[in-house]
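Each value in this text was obtained by applying a stated rule to the coordinates, not by laboratory testing. Because the structure is a prediction, the values reported are computed rather than measured. Here the Cβ positions follow ideal geometry from the backbone for every residue, glycine too, while neighbour counts run over all protein chains shown.
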Amino acid sequence: MSTIDPKEFRNVLGHFPTGVTIVTGMDGEEPAGLTIGSFTSVSLDPPMVGFLPGKGSSTWEAIQKSGSFCVNVLGDHQADECWTFAKPAEGSRFDGLAWHAESTGSPVIDGSLAWIDCSINEVYEMGDHLFVLGDVVSLAGNDGDPLLFFKGGLGTFAAS
Ligand SMILES: Cc1cc2nc3c(=O)[nH]c(=O)nc-3n(C[C@H](O)[C@H](O)[C@H](O)COP(=O)(O)O)c2cc1C
């Protein structure tokens, strides 16, 4: 049994700033996606990336069946998308959003700062989350400033 209080855990870990991504994939014929901050580069050779969705994520469960996913790195003009993809939607989270497919067929959200299209290499169980390891199939970056998450709020990068 851990003696770490979950509230304290969240609060302290909130001091670590992250970028914001939307991990997308196809749920049958429909685009699906969820907001993810736990994205990381894993390996350069071979090129691999990873992220950690909660074990209870119904969106990830649907995407996993397709065998691939795309990480969309959000720019500072995409704060609305960050929140839309982090809560239940009445219709689709993609309503009103422009996207297209690249190599794997997973949605690339138009206007994102970067996208990394991947096939699923392995999914590992880790506590109450999964670690999804992806093989990078294709990727691209665009000009712009990033959306950053810190202590529960959104901002952008300022050089010091
Ligand atoms: C900035 C930000 C980062 C997030 N990062 C993660 C994450 O890394 N892993 C995770 O499981 N949920 C994360 N979430 C929460 C999910 O986006 C949220 O639980 C979402 O509802 C999951 O989609 P689903 O319920 O359709 O499966 C994050 C939310 C925000 C706002």
Grab the other residues whose beta carbon is less than 9 angstrom from that of Phe131, score K and R as +1, D and E as -1, and report the net.
-2
Roughly what would the spin-label model give for Asp76 and Ser38, points 7 Å off Cα along C-beta, in nm?
2.8
Radius ratio Rg over Rh of the stretch 1-79, counting only Cα atoms, Kirkwood formula for Rh
1.03
Within the stretch 20-99, DSSP-loop GluC sites (Glu not before Pro) with at most 10 other C-beta atoms within 10 Å are Glu29, Glu90
Contour excess over end-to-end distance, with Cα ends at Glu102 and His15 and 0.36 nm allotted per residue
27.8 nm
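In square nanometres and to one decimal, what's the mean projected area of the convex hull around the Cα atoms of the stretch 6-152?
Working: hull surface 35.5 nm².
That works out to 8.9 nm².
Using a Förster distance of 30 Å, how high is the FRET efficiency between Thr3 and Asp95, based on the Cβ-Cβ distance and rounded to 0.05? Please report the intermediate quantities before stating the final value.
Details: r = 44 Å, r/R0 = 1.48.
So, using R0 = 30 Å, E works out to roughly 0.10.
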Summing +1 for each Lys or Arg and -1 for each Asp or Glu, what net charge is found among the other residues whose Cβ lies under 12 Å from the Cβ of Leu147?
-4
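Net charge within 10 Å of Asp27 by Cβ-Cβ distance, Lys/Arg positive one each and Asp/Glu negative one each, not counting Asp27 itself? Let's see the in-between values first.
Details: positive: Lys65; negative: Glu29, Glu30, Glu61.
That works out to -2.
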Of the options Leu34, Pro107, Ile4, report the single residue whose Cα projects farthest towards the positive end of the charge dipole of the chain (beta-carbon charges: Lys, Arg +1; Asp, Glu -1).
Ile4
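Contact order normalised by length for the chain, with contacts defined as Cα pairs under 8 Å and 6 or more residues apart; what percent is it?
Working: 329 pairs, mean separation 43.9, N = 160.
Worked out over the chain, it gives 27 percent.
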The alpha-carbon pair-distance distribution computed for the stretch 112-160, with 10 angstrom bins and whole-percent values, is 20, 29, 39, 13
Quick one: which residues, 5+ away or cross-chain, put their amide H under 5 Å from the amide H of Asp27? H built at 1.01 Å from N.
Ala32
